[in-house]
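Below is one structure, written out as structure tokens; comments come after it.
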């Protein structure tokens, strides 16, 4: 597009003398500039532009005398004071058309000064970036790079937690109680891995299983077995996606009671904002104690798609998937979908969370 | 010069100044464009390294479990292959982790990988805003827009680049195509594609970060799992861009590199109204 406008070749030879005159006049005004024009072989039209204010601004902004002579390409728009917009009026350019870059005459010492300043700033920025990287990279990564010194791990921890907290706040702001997660048809169901990686827990706990509720308005501690739950509350079905923090996801068909129904039947104390959910699966792969506990905000708990699931793909839950009762929170990452829950405690302050203590986020809304 | 506010060390220049002709320069890059350009240097590797640490937790490309090792990850296979075939790596302690040990923060670092990834992702988005603001304020966006003649011009440039080594060997003259725009068609396509890829990376990133609240966005890219594939391959845009970008800027010379630091270029004729004659 540019060539059409600027390819006005006839202008060049005709205007060269006048340009030179203009330049020489200007040199007279600014004695620091040299009148040597022969060296400049650039076949270009330059005209002194009536923009002393731009000249002054540039000079002042750099803390240097007004050595800059603001030239711009040949233009008939003498009134234009914005160099970038200097275009020929003979063929007005479209809004999207590329404009010629404004050419400026600068005294070499100003250029040197500016280059030195910018290069120094660039070097300072590069150093800052290197320091930042050393500061933020995990210790193991730094060790592999051959750096053994411990770089302020407390600060690193604080800084990254802050970044994580911001992301949690964004997630919380995105959450809406009225927004449902997408549901699927039975033909879209995909295999769901249990993520025990071969260490499926011993099903011994199931026989004496009970769900205990604490932190209620009544001040009582309520224990319910699976039969109580199934007779007290209606069962809902949903086919939703479970998304793991690791990145995989699966579409599964669940059935169970709404958390909100339990909430209404056994209301928590008025100050309660959080639920602490604990699991019977509290041993690690080698049989050592490894209690699993998780924080859940009550706004999410009361979402209509938050279930206390009893069935998976039309069958009662197996140990793999958290028999006899698991939490299903499709608006949260899989790690909040606690298997084999045994206790729900309503609390006012944000409770501890197993994965948050291991460096993951707390809110985990997706 | 009496009103000079420059430090004393500048005094020499003052005395020699009358002999020095003014230099003709063009302002090539708005300072926000320059800053955001260089900010990508720490941010993009941060995103890629932490991203591959996240990838480790659940690789996109898996196969049936290997009967001997139980390995399912194609990236682990690649590491095993590298350790088996690259001299000096035969005794590498954990070949399946080779890739993750060399192009990520390391294996088993999902929590830290996620934290760093969010940090860099928010910085990347802010940086994108700076870049777009710089393009708008400096008017540079016009030089990046694709045009109808781009395909033909790109082929012409490609012919020039492909022929250049042979012309050099044969000591024949090989003319650079006439250019009267800031960038040639190949450059323009590359410089236009990268911000587009940046935008798509951010969009697919949000789609897989919030697949429930932003499920419409995930659906736009074909659902959660497909959006992950998009996000992964968009990363390669940056790698495929950066390698020739860095090589070419050094081949092109100091003026081009300097212009991204200081903003101006002395190559007035290339960027200006007149067509470039090689």
For chain B, calculated [θ]222 nm from helices alone, where every DSSP H run of n ≥ 4 adds -39500 (n - 2.57) | -21000 deg cm²/dmol
Label-to-label distance, nm, for residues given as residue B:85 and residue A:207 (7 Å Cα→Cβ offset) | 5.8
Give me the angle, in degrees from 0 to 90, between the Cα long axis of helix B:224-252 and the longest principal axis of the Cα atoms of chain B, rounded to the nearest 10.
-> 40
Inter-site label distance for residue B:175 and residue B:162 at 7 Å from Cα along Cβ, in nm = 2.0
Volume per residue that the Cα convex hull of the range B:40-166 spans, once the total is divided by residue count, Å³ | 206
The Kirkwood hydrodynamic radius of the range B:141-259, taken as the inverse of the mean 1/r over all distinct Cα pairs, in Å, comes to 16.9
Across peptide A:244-251, how many C-beta atoms of other chains are within 10 Å of each residue C-beta, on average?
-> 6
Shielding of A:116-125 by other chains, given as the mean Cβ count within 10 Å, works out to 3
With a bin width of 5 angstrom, please list the P(r) values of the range A:142-260 as percents of all Cα-Cα pairs, from the 0 bin to the one holding the largest distance.
-> 2, 7, 8, 11, 13, 16, 15, 11, 7, 5, 3, 1, 0
Rounded to 10°, Cα long-axis angle of helix B:31-57 versus longest principal axis of chain B = 10
Over all alpha-carbon pairs of the range A:200-244, lay out the pair-distance distribution in 5 Å bins, whole %, shortest bin first.
-> 5, 15, 13, 18, 19, 22, 7, 1
Both in Å, the radius of gyration and Dmax of the C-alpha trace of the range B:147-186 are 11.2, 34
Stretched out fully, how many nm does the piece from residue A:270 to residue A:116 gain, at 0.36 nm a residue minus the Cα gap?
-> 49.0 nm
Per-residue average of other protein chain Cβ atoms inside 10 Å, peptide B:115-121 -> 6
In Å³ per residue, the alpha-carbon convex hull of chain B encloses 249
Report, in degrees rounded to the nearest 10, the 0 to 90 angle that the Cα long axis of helix B:185-209 makes with the longest principal axis of chain B.
-> 40
Say R0 is 30 Å: what FRET efficiency, to the nearest 0.05, do residue A:194 and residue B:199 get from their beta-carbon distance?
-> 0.20
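Throughout, read-outs are computed from the coordinates displayed, never taken from laboratory work. Since this is a predicted model, take the numbers as computed values, not measurements. Methodologically, a virtual Cβ is constructed for each residue, glycine included, from the backbone with ideal geometry; neighbour enumeration extends over all protein chains shown.
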